[in-house]
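The values are calculated or read from the model by the stated rules, or taken from the named source; none is laboratory data. Quick caveat: nothing in here was measured; it's all calculated off a predicted structure. Ideal geometry is used to build each Cβ from the backbone, glycine not excepted, and the neighbour counts take in all protein chains shown.
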Amino acid sequence: MSLAIVLLVLLAIASVIGTVLLQNQAQTDYLAQFGPLWYWTFRSLGLFDMYHSPWFLTLLGFLMVSVAVCLWRNTPRMLREMRKRKVTIEDKSLQRFHHLKHWDLEKTDVATVQAHLEDQLRDWEIKSAEKDGRTYLRADKGRWNKWGYILTHAAILVILSGGWISVHFGFRGTMNVIEGGGQENTIRFLKGAKTEKMTMPFTIQCNKFYIDFYPTGMPKTFRSNLSIYDHGKEVVHNKDIEVNHPLIYKGVRIYQASFGDGGSDIKMKLFHLNDGSVSTVDSRVYSTYRDPKTGVSMEFTGFSAFNVENMAGPGEPKNFKDLGPAVTFIMRGPGLKPVKVKTFMNPFEQKGKNVGSLIMVSLSGDKKDFQPFSLGLDFSNPNDWKLLQAFGKHLIDSKEGNEQQANMQAFRAALHEVFGNKLPPNFQHMGIRVLQAMNNLSNVPWPFIPILQDYHQVYYTGLELTRDPGMNVIWIGSAILVIGLCIMFYLPHRKLWLVIEPMADKVRLTVGGMTNRNRLGFEQEFQRTLSNLEKMLVHQQ
Amino acid sequence: MTAITAHRLDAINRGLPGFARFYGYVGAIVGVAAYAMFGAAGYQSNGLLHFLTASSASWIGIGAVAGLSGATALGLAKPRLAESRLAMNMVSWFDGALMMILLTFLLAQFEPAQAQVSYNDQSNLVSGRIIMTMNVMFLAAALLYITHLFAPNSLVGKLATASAWAGVYAGGSSLLLRWYESYLLGLDIGHAPVSNLYEVFILLFCITSVIYLNFERRYNVRSMGAFVLTIVSAGVFFGIWLSSVGQADIKPLVPALQSYWMKIHVPMNFIGYSSFAVACAAGAAYLVRDRLERKGSNAKFLASFPTLDQLDQLAYKAVSIGFPAFTLATILGAAWAAEAWGGYWSWDPKETWALIVWLTYGAYLHVRVSHGWQGRSLAWWTVAGFLVTLFCFIGVNMYLSGLHSYGRLT
């Protein structure tokens, strides 16, 4: 039996390892993290997929065997004990009870006392017998308590078997289906360190993917409109599935699990800093564009139509604002440090004023390291760029003495060149932006400024497909476990022995009680029963 | 064991008054369920607010009156039925819940006007102030309980109990208020107040204190309060820290949490965690008494302190509440996972740690029941078990990633 405790403790300790050591990561990550020696040690111990390693499964197997042996050994005895209740009791055993009380009752007889007792203890199961002139009463409550033991332990066996059935006869994998794209029929799942594939007997098409956001930018709901085709015939037509609300087809449960970019079309404008020219790029997420002139490449990694940020400073109440569509990509090029860039379609507004376009740059490539960088210029407005170019040109030409005057003159000339005599109403703001840009753009190491111009967003819906024949076994086992635990803890077996012994001029009553659990509760119950008995037997006379 | 005085049952809970009231409450609950199922439509979109309407009140009222009058008639006809121990034991819990709800209604009158309620600045909501009251009450209770150790017969003990109860009522009604306030912030934001670390912390304090106060009332073990309320106070400080770093705001639910399972799974889990906390307090009290006794100390407070045997039994009793609750909670979690993610068990860190906690207390029960261990080693076990529980509760959220990542600090 102490094997059980050793197993429980060992399982607990082993389980800790798998939560501290991230499971089922890429092998190269492990190698980088631990170095070759520990990597091979851990790998040979199966620690990277620990919960499916032979030694862990063996441990679970031992637990099953141990539980089964306990049940095999104890059940017959317990069933026998529950059926057979011995009424008579030796004085010696009675004296050893924690709970014991004697009364000497006068002017009464055994039959009266017995009748009183049976009435008072009507909630109890009473059995009586006579031996050596004494009358023995035995009262039981919760005498099926040992079923608690049998049920809980049997439940563990059922649950572990259910798990075994799940692992051997079920499957669980993910399938990403592009919105409005083709039909998919393959799921992918991890087996040990490898990703494996499995073909479903049907294909799934995602007609439409919907997503709603809270004002804070958190996703509120997402759902997919799916059609399922079996042998080319549409068997499920335009059915919506949602998180927590799966769809079942042919015993396979189809869950909405995640979503992502399904390769959105991206249109970019590149503003070349050396010659002022503007080129356009048509690409899509997950592909790479390489600029032929400069050799600089952009690997598009993601797109999001909403980018809600908290614009409040520290200590201020929150102020959530949608910065509009943005695309992220990794920029690489000759002589450039590779960085992750997020560039927005719309200019940034501050207190109702257009302060120009914003990009975010992350040197580490990690999302949380994005630093905002203000370009100054509003690149979504072609006139801003034209004005900047003209200003730069005129600044070189200007010959005025001090810098401020030179700037003013060059700016006036530039305004005239771009707009003629019809100045736009907000040209002062434009001027501030251009001056800011002159300053800020000189810090940009890239040959061009990439700005998102247009997009067509396409999602993929992340589905999880499972078949799990062990699941119902698990639920049955769980129900048995809970029922068993309730019987075990809340219906303790309480026993009272009452011995009535006629004496010369009185009747001696001895009451002894015991319980197998919840002694504190029984103590009170015993005292209460005694005081009730006392009221009835002693004071009534 | 003689120190235990018999359970003082208020006359109002015994016999017919308790019996009738109990079935009145049962009737009210049936009324709520019936209204949700057969009453006016709107439960899906209006959530809690759906039950704060006149028509809902009439359904609940009819249920309550039907239960009350039916049970009164039955009790008068068959007095023996009215002696039901279930009704007698349960009715005071329902009384407490009703008082908490009435208190919440009262406090809700002080909520700012709808126009002043804004998601971005939640500082004007009433619940924040009630939570502060709760913090103060629990801290005061801890100090009073500790004082009580050294002045066992004075009024301090009663004050300690009173302020612990005040803390429980403040905490419980602040959570109910938060539930209501979440709907004030927006119908689509509204959700039960068990969705983030801050809210479940309050739940943990309240359930822990209630379990302890129940022990105190039944077994007259007020000296244990110093240990339980010290644990609660440590949590209160953590809660204050959480709120100072902006974790106290009501936030909308991510899609995975938008399920009725959340309302069942989370509170059930906290019954487990709280019982383990009480078991730990009993274990700690055992260790203190044991050490003092072995040193031959004749400290005055030992006289009124629960005996070693009592503390041992109390720790076991707490585990025997917590273990089945925790088992059920884990099973409910598995059922939810099966419905939301397609698998009842994924060896995700939170699940695995729940298993570790379960194994720890499972082993505790084995050594106790089938090996007859008792006393000091088991007291240490309850303390260590609570540390494992704490890691499962907080540590996993803070240090390990996984499917329960919404419990994280953001």
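Odds and ends about this structure:
- The single condition from (1) in a helix (DSSP H, G or I); (2) more than 10 Å from chain A (Cβ to nearest Cβ) that B:A335 fails is (2).
- Residue within the stretch B:124-141 that is within 14 Å of chain A (Cβ to nearest Cβ), more than 18 Å from the chain's Cα centre (by Cα) and without any contact (Cβ under 8 Å) to a residue 40 or more places away in the chain present: yes
- Selection within the stretch A:528-541 - surrounded by fewer than 18 Cβ atoms within 10 Å (Cβ to Cβ) and either under 60 Å from the mean Cα position of the chain (by Cα) or more than 17 Å from A:V113 (Cβ to Cβ) (or both): A:R528, A:L530, A:S531, A:N532, A:E534, A:K535
- Options A:L7, A:L3, A:L79, A:L63: the member that is closer than 26 Å to A:N516 by Cβ, at pLDDT below 85 and in a helix (DSSP H, G or I): A:L3
- The set of residues from the stretch B:44-101 being within 21 Å of the chain's Cα centre (by Cα), within 30 Å of B:L253 (Cα to Cα) and buried (at least 17 other Cβ atoms within 10 Å of the Cβ) comprises B:F94, B:M100.
- Only residues that are aromatic (F, W, Y) and away from chain B (no Cβ under 14 Å) were counted across the stretch A:39-61, and they come to 4.
- Scan of the stretch A:349-373 for residues that are assigned to a loop (DSSP other than H, G, I, E, B) and free of Cβ contacts under 8 Å to residues at least 60 places away in the same chain, ordered by number: A:K351, A:G352, A:L363, A:S364, A:G365, A:D366, A:F370
- Top-ranked residue in the stretch B:338-355 [being under 22 Å from the mean Cα position of the chain (by Cα) and at the interface with another protein chain (Cβ under 7 Å from one of its Cβ atoms); ranked as surrounded by the most Cβ atoms within 10 Å (Cβ to Cβ)]: B:W353
- Residue within the stretch A:444-455 that is at negative phi and at pLDDT below 80 present: no
- Of all residues in the stretch A:483-525 being surrounded by fewer than 18 Cβ atoms within 10 Å (Cβ to Cβ) and either modelled with pLDDT of 90 or more or within 23 Å of B:T330 (Cβ to Cβ) (or both), the one that is nearest to the other protein chains (Cβ to nearest Cβ): A:C486
- If you filter the stretch A:304-324 down to residues that are within 14 Å of chain B (Cβ to nearest Cβ) and of a type in the set (A, V, I, L, M, F, W, C), you find that the one that is surrounded by the fewest Cβ atoms within 10 Å (Cβ to Cβ) is A:M311.
- Only a single criterion out of (1) within 29 Å of B:I207 (Cα to Cα); (2) assigned to a helix (DSSP H, G or I); (3) not small (G, A, S) is not satisfied by B:E111, namely (2).
- Residue within the stretch B:364-381 that is closer than 30 Å to A:Q256 by Cα, more than 9 Å from chain A (Cβ to nearest Cβ) and crowded, with 21+ Cβ neighbours inside 10 Å present: no
- Taking the listed residues B:F215, B:F205, B:F227, B:F237, the one that is within 17 Å of B:A277 (Cβ to Cβ), of a type in the set (F, W, Y), part of a helix (DSSP H, G or I) and at pLDDT below 95 is B:F215, with no other qualifying.
- Subset of the stretch A:148-195 [in a helix (DSSP H, G or I) and over 21 Å from A:D468 (Cα atoms)]: A:G148, A:Y149, A:I150, A:L151, A:T152, A:H153, A:A154
- Residue list for the stretch A:1-32, restricted to those being β-branched (V, I, T) and within 11 Å of chain B (Cβ to nearest Cβ): A:I5, A:V6, A:V9, A:I13, A:V16, A:I17, A:T19, A:V20
- Residues that are in contact (Cβ under 8 Å) with a residue 12 or more places away in the chain and part of a helix (DSSP H, G or I) were ranked within the stretch B:240-260; the one that is surrounded by the most Cβ atoms within 10 Å (Cβ to Cβ) is B:L257.
- Count of residues meeting criterion [of a type in the set (A, V, I, L, M, F, W, C), within 14 Å of chain B (Cβ to nearest Cβ), under 20 Å from A:T186 (Cα atoms) and surrounded by 16 or more Cβ atoms within 10 Å (Cβ to Cβ)] in the stretch A:201-251: 3
- In the set (1) more than 29 Å from B:V367 (Cβ to Cβ); (2) away from chain B (no Cβ under 14 Å), the condition left unmet by A:A68 is number (1).
- Restricting the stretch B:305-320 to residues that are more than 8 Å from chain A (Cβ to nearest Cβ) and either of a type in the set (D, E) or assigned to a helix (DSSP H, G or I) (or both), the residue that is surrounded by the fewest Cβ atoms within 10 Å (Cβ to Cβ): B:D309
- Residue within the stretch A:265-273 that is at pLDDT 90 or above and closer than 23 Å to B:W261 by Cβ present: no
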